[in-house]
Structures are given as C-alpha cells and as structure tokens.
Amino acid sequence: MKKTERKKPGPKPTGKGFLIGVRLLPNLLKALDTWAARQTPPVGRPEAIRHMLVDFLRRHGLLP
C-alpha cells in the first residue's frame, strides 16, 4: 500500500448483494445498537439489520 493510500475501515466488500442506504431516527438507532450489543458475540449495525430482516420475513412466511 502506498503512503498516500488509506485503508478503508471494515471488512472487504464481497461484491454480492445490493447496497441499501437507510436513515434511522435516533430512537430507532439507539434500539438497534442496544440489540446488536446484546448479541453473542456483539454484531455491527449491518449484520443486526440483516438478522432482524430475516427473522421478520421468516415469521411472515416470506422466507423459508
């Protein structure tokens, strides 16, 4: 890596899936962060949202 290049934070992109940007109000973000921190091991925001979405869609019969 050249001295002028900066390493990007986080894991390397997989190139799979679609990026969806979402704005959350402070109360939702706080609840999301609380839930994510309580997981074993704790997860980041993107993984927390994926977990919640899969759980919701399964409960509503939209995912196997």
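The values are calculated or read from the model by the stated rules, or taken from the named source; none is laboratory data. Bear in mind the structure is a predicted one, so any value in this text is a computation, not a measurement. So basically every Cβ, Gly included, is an ideal-geometry build from the backbone, and we count neighbours across all protein chains shown. Calculation scope for accessible area: heavy atoms of the full protein, side chains included, ligands and nucleic acids excluded. Shrake-Rupley method; radii C 1.70, N 1.55, O 1.52, S 1.80 Å.
For region 34-64, a residue qualifies if it is polar (S, T, N, Q) and outside any helix (DSSP H, G or I), and the qualifying residues are Gln39, Thr40. Within region 1-52, the residues that satisfy the criterion of being at pLDDT 95 or above and among the polar types (S, T, N, Q) are Asn27, Thr34, Gln39, Thr40. Looking across region 35-64, the residues that are in contact with a helix residue (DSSP H, G or I) (Cβ under 9 Å, 6 or more places away or on another chain) and open to solvent by 100 Å² or more (accessible area, probe 1.4 Å) come down to Arg45, Leu62, Pro64.
Can you tell me which residue in region 6-34 is most open to solvent (accessible area, probe 1.4 Å), limited to those that are under 12 Å from Pro46 (Cα atoms) and not charged (D, E, K, R)? Only one residue tops the list, namely Leu19.
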